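Have a look at the structure below before the remarks.
The values are calculated or read from the model by the stated rules, or taken from the named source; none is laboratory data. A quick note: this is a predicted structure, and the numbers were derived from the prediction, not measured. All Cβ positions, glycine included, derive from the backbone under ideal geometry; neighbour counts span all protein chains shown.
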Amino acid sequence: MDNLVRTLTDPKFLMALFAAIAAAATVFSIGVTFFSGGTNIKQRIRRVALEREKMRAEEMARLRGTVAVGDSPTRSIRRETGRDYMKNVVERFSLEKAFMDETTVDALARAGYRGPAAMTTYLFARFVTPFALFATAFAYLALTVMKENPIYMSAIYSLFIGLIGAYLPTLMLRNQTQKRQQSIRRAWPDALDLMLLCVESGMSIEHAFKRVSKEIGLQSVALAEELTLTTAELSFLEDRTRAYDNLGRRTGLDNVKSVMQALIQAERYGTSIGSSLRVMADEGRETRMMDAEKKAAALPPKLTVPLIIFFLPVLFIVIISPAIIKVMANNVSFG
């Protein structure tokens with residue numbers, strides 16, 4: 001008994017026992033890693049595949065406009081099919097050859113109109129608007145304003161108005177494009193900061209685009225639509241760089257194109273996406289600050305004309321009026 005107690009309390013025996021326990025634990029840990037590592041990897045791959053399929057189904061539903069947010073369905077990115085009579089007119093008169101070129105699809109996409117229905121409506125509007133304005137202007141001028149004049153005068157003025165109407169759909173499309181680009185330009189730096197936070201927190205670029213598209217919708221619906229479409233393209237397209245290039249082409253903004261080129265370079269050469277986004281986010285904030293300073297510097301020249309027209313005459317009246325009143329009072333007393 002004394003020998004057993006002496007052996008158990010011997011420092012050399014305790015050191016050997018602890019070393020044996022540590023070696024056994026190490027061997028067990030390594031063995032568990034080897035035997036269960038393949039299963040864990042397979043489970044992770046399966047979870048990633050399921051998550052990708054889920055994202056793909058959600059983006060398809062959002063593109064079709066079948067997902068409800070709250071009590072109202074989301075707005076579909078692709079327009080509904082055009083009406084049959086518009087399609088018949090476009091096909092009968094071959095309006096695609098007359099009005100459509102290689103930049104028409106991109107111009108409609110920059111304005112937020114996608115799909116064959118938007119193209120059909122645009123071509124139909126360009127064809128019908130001159131005739132509609134001519135008929136309306138001729139009836140108005142001939143029956144009201146110029147009813148005393150010869151009828152050919154009303155026809156000439158109406159023809160001039162109809163020619164102006166031929167460019168009306170193009171002007172409206174350009175105006176819509178400018179409004180949409182302005183909305184995207186204002187919200188893009190914030191979206192870039194959110195995307196940087198998502199990527200640096202461990203999200204993939206697909207999840208980052210998806211998350212930012214949901215958050216930025218309160219600030220810019222147009223940018224949320226573009227990011228949603230890019231998320232869907234990242235899930236479907238085999239070449240991810242095409243999705244980035246399509247986003248820059250659809251928006252038509254230089255700052256968006258530069259960010260997409262940085263992402264394409266990071267995807268192609270395997271560099272860090274987070275560092276690329278950080279550099280582009282800093283440049284975006286500097287650009288926004290420079291735009292604000294430019295607008296502030298242009299404010300004094302713009303205020304010069306209103307000051308001369310509205311402020312200086314009132315100032316002269318206030319300064320000179322007491323002297324004029326005093327002179328007139330003195331003249332009246334002398335009389």
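When K326, K302, K257, K295 are screened for being under 26 Å from the mean Cα position of the chain (by Cα) and over 29 Å from T241 (Cβ atoms), only K295 passes.
Checking R110, R185, R174, R180 one by one, the residue that is under 30 Å from R285 (Cβ atoms), basic (K, R), touching a Ser or Thr at 6+ places or on another chain (Cβ under 7 Å) and modelled with pLDDT of 85 or more is R110 and no other. Checked across the range 288-304, the condition of being touching a residue at least 60 places away in the same chain (Cβ under 8 Å) and either surrounded by 10 or more Cβ atoms within 10 Å (Cβ to Cβ) or outside any helix (DSSP H, G or I) (or both) holds for at least one residue. The residue that is nearest to L194 (Cα to Cα), counting only those in the range 269-287 that are of a type outside the set (D, E, K, R) and loosely packed, with under 14 Cβ neighbours inside 10 Å, is V279. Filtered by the rule that a residue be outside any helix (DSSP H, G or I) and free of Cβ contacts under 8 Å to residues at least 12 places away in the same chain, the range 131-169 gives M146, K147, E148, N149, P150, Y167.
Take the conditions buried (at least 18 other Cβ atoms within 10 Å of the Cβ), touching a Leu at 6+ places or on another chain (Cβ under 8 Å) and part of a helix (DSSP H, G or I) and apply them to L223. Does it pass? Criteria not met by L223.
The residues of the range 229-270 that are more than 15 Å from D106 (Cβ to Cβ) and β-branched (V, I, T), listed by number, are T230, T231, T241, V259, I264.
Within the range 195-209, the only residue that satisfies the criterion of being under 20 Å from V256 (Cα atoms), among the aliphatic types (A, V, I, L, M) and either surrounded by fewer than 20 Cβ atoms within 10 Å (Cβ to Cβ) or not assigned by TED's automatic domain parsing to the domain that holds R278 (or both) is L197.
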